1. On a 0 to 90 degree scale, rounded to 10, what angle separates helix 10-21 from the longest Cα axis of the chain?
2. Given +1 on the Cβ of Lys and Arg, -1 on the Cβ of Asp and Glu, and no further charges, what dipole in debye does the range 125-206 carry about its Cα centre, rounded to the nearest 20?
3. Explain nothing, just compute: Karplus ³J(HN,Hα) = 6.51 cos²θ - 1.76 cosθ + 1.60, θ = phi - 60°, for every residue of the range 282-288 in order, whole Hz, x for Gly and Pro.
4. If you compute Rg and Dmax of the Cα atoms in Å for the structure shown, which of (i) 20.3, 73; (ii) 19.0, 59; (iii) 20.4, 68 do you land on?
5. Which angle between 0 and 90 degrees, to the nearest 10, do you get for helix 161-189 versus the longest principal axis of the chain when only C-alpha atoms count?
6. Going by amide H atoms built from the backbone, whose H comes under 5 Å of the H on PHE106, apart from near neighbours?
7. Which is farthest toward the positive dipole end of the range 161-297 among GLN284, ALA274, LEU261, measuring Cα position about the Cα centre, with Cβ charges +1 (Lys, Arg) and -1 (Asp, Glu)?
8. Can you order the peptides 51-58, 259-266 by their average number of other Cβ atoms within 10 Å per residue, highest first?
Amino acid sequence: MQIGLIGLGKMGFNMRERLRHKGITVTGFDRNPEISDVDSLDDLIGSLQAPRVVWIMVPSGAATESVVQDLARRLDAGDLVIDGGNSRFTDDQKNANLLAAQGIAFVDCGVSGGIWGLENGYGLMVGGSTADVHRVLPVFDALRPEGPREESFVHVGDVGAGHYAKMVHNGIEYGLMQSYAEGYELLAAKDIIKDVHGTFQAWQHGTVVRSWLLDLLIKALEEDPALAKTAGYVEDSGEGRWTVEEAIASEIPVPAITAALYARFSSRQDDAPAMKMVAALRHQFGGHAVRAPNKSP
């Protein structure tokens, strides 16, 4: 199978490599000519056999909208576009309608796996028609981890459902990271605790709090035992906010996720140890940049 991939950043670059390793023919386009396979979007489209499949992997919002508009002018009826970025689910229907006017299909895909996806595979949450999703199933199978499909891939529902599921996934992620980080601060502050790293390490097997995030927390402490290289300033990608907004709209209480989001806001006012750990965890799983201590926003 052949696919075009637009956006070769931290996620897109590794996705291109994993697809190629799994036998998918990929032509990538990026504004950075050093990593791009072609010189322009027109060259990308020209390299693909019809009916074409093009995967967008660029920042959500204006950047994704601009690429969708460009593709709507260039692709042909029968082609298919996948938005694999962290778009807000409300943008999906608008983009789908724009493409549908030209006879172009649209699928939204929430992707989880961060910078480790090349090695481990990606968790995929997909929205779109059954026919459109089935058409590109070989691509999804190449990206996901080995094993039963239902353990790493789900066709959630119609257009927008994939990104909605990914939004909730990231909201849960906020709460989990905050809990680990607060536990870290409690352990680090107590004088009778002599081995903080070892304590977390002992939780990796046999305990109810074991997880991949716990493994990454341990890795972060191995690389920087006192988190001296990391400021307690934590960004948010937007999906935590969207999750809280959806909870308000649906009148569903999500106190843990809301508190975790507000903690990130608080981190921009001081340098708490717990927020250092949240920043370190974001760097571990997603390659997100961290601020050096005492560096102004």
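The values are calculated or read from the model by the stated rules, or taken from the named source; none is laboratory data. These numbers come from a predicted model, not from an experiment. All Cβ positions, glycine included, derive from the backbone under ideal geometry; neighbour counts span all protein chains shown. Areas reflect the complete protein model, heavy atoms only, side chains present, ligands, DNA and RNA absent. Shrake-Rupley method; radii C 1.70, N 1.55, O 1.52, S 1.80 Å.
1. For 10-21 against the chain, the angle is about 60 degrees.
2. 80 debye
3. 4, 5, 5, 8, x, x, 5
4. (iii)
5. 20 degrees
6. Long-range HN contacts for PHE106: VAL81.
7. Final value for the positive-end residue is GLN284.
8. Output ranking for 51-58, 259-266: 51-58, 259-266.
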